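Every read-out reported here was derived from the displayed coordinates using simple, explicitly stated rules and does not represent laboratory data. Because the structure is a prediction, the values reported are computed rather than measured. Every residue, glycine among them, receives a Cβ derived from its backbone with ideal geometry; neighbour counts consider all protein chains shown.
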Amino acid sequence: MKHVLITGASSGIGMQLAIHYLKAGWQVTACGRDGEKLKAALGDQTEHLRFCIFDMSHRQNVLSNTARLKNIDLAIFNAGTCEYIDHPQAFDGQLFERVIHNNVIGTGYCLESILPKINKGGQLGIVSSSVTTLPLTRAEAYGASKSALDYLARTLAIDLAPQNIDVSLIRPGFVDTPLTQKNTFKMPGIISVEQAATLISKGLQQRKLEINFPRSFFYVLKALSLLPNILWRRIAINMVRQ
């Protein structure tokens, strides 16, 4: 039986991935900060479901609570947060630190603890975002954190190849989750968590270097990213002014 570890499994994409892999007959280690939320989302621990409770923003908490894990075939680092910079002239440095620490530094703590436990021939998936394709309004903190994950995943894909560990960079567009439900703006191309989990699992099964979805939304962003920066800047400024 294959073993998958998923962070951020108490809601959204992480929860749906846990459900997907349980149905597919995998041993699932579902990770989160709150054991009660994990239990509410996935039910009680069973023979094939285990909970691993830790706060990924605290290094020692991650290391101590994952110490007993072993024989991981696939690790999906999905946990993260999203906050926006609404008033750039009154830049919120604490918000910026909070987002970077949770999304980037926390991922580093998970890598430190979990990478040595991934079996030879195993896989690592890091969930970033389509926001990294080009600069978008209010995304100074969130976009910067996800761009760091892009670079991290691509570098690991090179350095872990000699150990026969494949790394997939996962860049979703808008997915209907508790996090995106807080957004007050239109979210083009939004898909369900069920669709997202299916696309991610298929991409991982094919051991893709990058898993970008939904395709139509991603290709639009990719095309816009090819514009000269000065032109995209003008378009983005006009969008903000409207």
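Using only Cα atoms, tell me the angle between helix 140-159 and the longest principal axis of the chain; keep it within 0 to 90° and round to the nearest 10.
Here the helix axis deviates by roughly 50 degrees.
If R₀ is 22 angstrom, what is the calculated FRET efficiency for the pair Thr184 and Ile235, using the beta carbon separation as r and rounding to 0.05?
Numbers: r = 21 Å, r/R0 = 0.97.
Computed FRET efficiency for Thr184 and Ile235 comes out at 0.55.
What is the fewest-to-most order of Trp26, Trp232 by other Cβ atoms lying within 10 Å of their Cβ? List each step's numbers first, then the result.
Numbers: Trp26 18, Trp232 15.
Ascending number of Cβ neighbours within 10 Å: Trp232, Trp26.
Using Cα pairs under 8 angstrom and six or more residues apart, how large is the relative contact order of the chain, in percent?
Details: 420 pairs, mean separation 42.6, N = 242.
It rounds to 18 percent for the chain.
Arg207 to Leu227: FRET efficiency via 1/(1 + (r/R0)^6), r the Cβ-Cβ distance, R0 30 Å, to the nearest 0.05?
Once rounded, the FRET efficiency stands at 0.40.
For the stretch 71-111, what are Rg and Dmax over the alpha carbons, in angstrom?
Considering the stretch 71-111 through its Cα atoms, Rg and Dmax are 13.7, 49 Å.
Could you give the distance between the Cα centres of the stretch 49-87 and the stretch 125-188, to the whole Å?
Here the two parts' Cα centres lie 16 Å apart.
Cross-link candidates for Lys37: which aspartates and glutamates have Cα within less than 17 Å, leaving aside residues fewer than 8 places away along the same chain?
Here the aspartates and glutamates satisfying the reach criterion relative to Lys37 are Asp55.
Set Lys and Arg Cβ to +1 and Asp and Glu Cβ to -1, take the dipole of the stretch 59-147 about its Cα centre, and tell me which of Leu115, Gly80, Val104 lies farthest positive.
Farthest towards the positive end: Leu115.
How far apart, in nanometres, would the label points at Ala161 and Lys2 be if each is projected 7 angstrom from Cα along the Cα-to-Cβ direction?
With each label placed 7 Å out from Cα toward Cβ, I get 2.2 nm.
Count the net charge of all other residues whose Cβ sits under 13 Å from the Cβ of Phe217, scoring Lys and Arg as +1 and Asp and Glu as -1.
Working: positive: Arg171, Lys186, Arg215, Lys222; negative: none.
Summing Lys and Arg as +1 and Asp and Glu as -1 gives +4.
Give the distance, in whole Å, between the Cα centre of the stretch 96-123 and the Cα centre of the stretch 1-42.
17 Å
How big is the stretch 3-241 by the Kirkwood estimate over distinct Cα pairs, in Å?
Working: mean 1/r = 0.0543 Å⁻¹.
In the stretch 3-241 this quantity evaluates to 18.4 Å.
Modelling each spin label as a point 7 Å along the Cα-to-Cβ direction, I'd like the Ser64/Thr46 distance in nm, to one decimal.
The answer from the label model is 3.2 nm.
Given the peptides 197-207, 42-52, arrange them by the average over their residues of other C-beta atoms within 10 Å, most packed first.
Working: 197-207: 16.5, 42-52: 14.0.
So the order, starting with the most tightly packed, is 197-207, 42-52.
Around Glu140, with a cut-off of 15 angstrom between Cβ atoms, what is the net charge of the other residues, counting Lys and Arg +1 and Asp and Glu -1?
Working: positive: Arg98, Arg138, Lys146, Arg233; negative: Glu83, Asp86, Asp92, Glu97.
Here the count lands on 0.
Would you mind checking the pairs Lys70/Lys208; Lys39/Lys182; Lys2/Lys117; Lys39/Lys202 and listing those with alpha carbons more than 21 angstrom apart?
Working: Lys70/Lys208 24 Å; Lys39/Lys182 23 Å; Lys2/Lys117 13 Å; Lys39/Lys202 26 Å.
Distance filter (> 21 Å) returns Lys70/Lys208; Lys39/Lys182; Lys39/Lys202.
Rounding to the nearest 10 and keeping the result within 0 to 90°, find how far the Cα-based axis of helix 193-205 lies from the longest principal axis of the chain.
Rounded to the nearest ten degrees, it is 70.
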